Each structure stands twice: as C-alpha cells, then as structure tokens.
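Worksheet: one structure, shown below.
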Amino acid sequence: MGDDRHLLIGRANGHLFRREDKSESYVVIPPAHLITDSDGGMWTFGFKYDGYGEINVLRNDMDTGEFAARIEYRRGQVRIYGKAGWRVFSRSRRHFI
Amino acid sequence: MAGGYSLAAGGITLANQAVTLVFVNPIASPNLDLEFRRFWINQSNNMASVNLRYQINTQVTAFPTLVSQTPAKLAIADAASIITGNTTGAAGTCGINASAEGAGTKTIIWADSFNTTNGALLVLTPEEIIEMAAGAASGLGLHLPVAPGTLTNWAFGCTWTEG
C-alpha cells in the first residue's frame, strides 16, 4: 500500500522519514535530531566536521556544502548558525544566503 | 589515535518495556579508550507528537541481552573498531535493541527528554565527551527508561573515537 499523498517524506541518516506536518517554529538541531520543512525536506547533521566544531548540514541526506553549529526552523524557513553568522535557506531551495 | 566509529540502526521494533537502544562495553586493558561524541534517537514513521525520556547510563554486569551489530567505520581508510558485535554486552563488544536489561546496576550520567517528531541529537562538546577507559567494569548505554507509545520504526545510534 502506498503512502498518503499529504505525507511529508524525506531521508535522514540513511532512513526514510514520514511526517504528518512540518516542524514547529523554533525547533533547533541540536537538541532536536530532525527538522521537517514544508517540502518534506528532512534536515539533520552529517558526520563531517570543519575544524571549528561545526558539522556538515544535510537535507534529505544530501550534503548542502555548508557547515553549522545549529539548524533552526523559524516561520517556515530553515536557518543555520555558524562562524559566518545566521544564514537562511533560499526560497529557491538551492543555497543559503 | 584510531578513527571514528558508529553503532547505528533504523527501522527497529522495540520490546514493550524500558529498553537499551545501544550498548558499548570497553575492551579489557591495556587497549584503546573510547570517547563518545554523539548520540541520537528518532522515529522514522511517526505521526504522534509526544515527549519521551531518554538516558545515557553506565551499567555493570549483568549486562543487557542485545542484538549483535558490528560498529561501522566513519572513514573507509580507518582500521576496524576494537569493539565487536555480540549479544552479551561483555567487555569489548557492543549491540543494539536489548531484549532484556540485565540485573546490573545502571548509573545515569545524562538524562533528558525529546519530542518524538523532532527526535534527539546530543553532540557532546569537547569538555563533555564521555570517556570509557579500557578495562572499565561497566559499559555505556543509550536507554529509554519507559516504553514508547509506538514501538516500531525507531532509528538511533552513537559515535565514538578510539584512542
């Protein structure tokens, strides 16, 4: 049997995750493990470090090319914080600005 | 220093009881010590938002009865872990998803709770890294002290370095 069409489905750490809803605002990784965005993108950290204590940021297990100390979901936007300050995932879903 | 290793699992169905999710017991001395860097718990097919407690604790013998699982290397170039998969939780072994907790006393060294839609990720700062020395009398476990409302599709794990 297939999944309901309304489910948000993505991958994190090698596993398929299903959620009814996107994450609440102000969910922060860590201490959360996972943020679900409105497209079903599953955000979490990978296992690479950059030497500043920051960890690589994954969306659906794809490396975004960014390192951060925390990932936050706020008002429908994914934000990351690191040595470059706060950056926001673009509306185009392609990069952080 | 040897490399980094993970003991992780997904899609796991837990017993309807308090359960140790991962358990790693240092090897007999003299050998490498284990430095635990990260722990995580999540549920991959979760539609209910509830809070759940978790603990990181040490446990002396008798150890939990586990499902054997071999640690994975985080870098292909590294040597294999000195820890091997086993069901007994004995020194130098590790496993997941305990079916019996064992009579050994647990000592809580970290306790928190998490929302099951968000999961829990604990990244220890350098000052907080949990070190389990070779020859220690106890192993280290990631533990749910209360059975979760939904028992299926759990994902969890931990990472450590050996040095």
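The values are calculated or read from the model by the stated rules, or taken from the named source; none is laboratory data. On a predicted model such as this, the values are computed, not experimentally measured, just so you know. Ideal geometry is used to build each Cβ from the backbone, glycine not excepted, and the neighbour counts take in all protein chains shown.
General remarks:
- Evaluated against (1) on the phi > 0 side of the Ramachandran plot; (2) surrounded by 16 or more Cβ atoms within 10 Å (Cβ to Cβ), residue A:75 falls short on exactly one condition, (2).
- Just one of the listed residues (B:55, B:59) is of a type outside the set (Ser, Thr, Tyr), within 17 Å of residue B:110 (Cβ to Cβ), away from chain A (no Cβ under 13 Å) and touching a Pro at 6+ places or on another chain (Cβ under 9 Å), and it is B:55.
- Selection count where residues are surrounded by fewer than 16 Cβ atoms within 10 Å (Cβ to Cβ) and in contact (Cβ under 8 Å) with a residue 40 or more places away in the chain, scope the range B:91-109: 6
- Scanning the range A:1-17 for residues that are of a type in the set (Gly, Ala, Ser) and facing chain B (nearest Cβ under 9 Å) yields A:12, A:14.
- Within the range A:18-44, if we keep just the residues that are facing chain B (nearest Cβ under 7 Å) and assigned to a loop (DSSP other than H, G, I, E, B), the residue that is surrounded by the most Cβ atoms within 10 Å (Cβ to Cβ) turns out to be A:34.
- Selection from the range B:121-151 of residues that are modelled with pLDDT under 95 and of a type in the set (Ser, Thr, Tyr): B:125, B:150
- Cβ-Cβ contacts under 9 Å between residues 6 or more apart (or on different chains), taken from a first residue in the range B:66-88 that is of a type in the set (S, T, N, Q) to a second residue that is surrounded by fewer than 14 Cβ atoms within 10 Å (Cβ to Cβ) and part of a loop (DSSP other than H, G, I, E, B), are listed as B:70/B:80.
- Test for residue B:140: is it within 14 Å of chain A (Cβ to nearest Cβ), closer than 22 Å to residue A:31 by Cα, of a type in the set (A, V, I, L, M) and assigned to a strand (DSSP E or B): no
- Residue list for the range A:46-86, filter: farther than 13 Å from residue A:97 by Cα, among the aliphatic types (A, V, I, L, M) and assigned to a strand (DSSP E or B): A:55, A:57, A:58, A:62, A:68, A:71
- Qualifying residue in the range B:67-90 (condition: more than 14 Å from chain A (Cβ to nearest Cβ), within 14 Å of residue B:36 (Cβ to Cβ) and in a loop (DSSP other than H, G, I, E, B)): yes
- The residues of the range B:13-35 that are out of contact with any His (no Cβ under 8 Å at 6 or more places or on another chain), under 24 Å from residue B:103 (Cβ atoms) and buried (at least 18 other Cβ atoms within 10 Å of the Cβ), listed by number, are B:14, B:22, B:23, B:24, B:25, B:26, B:27, B:34.
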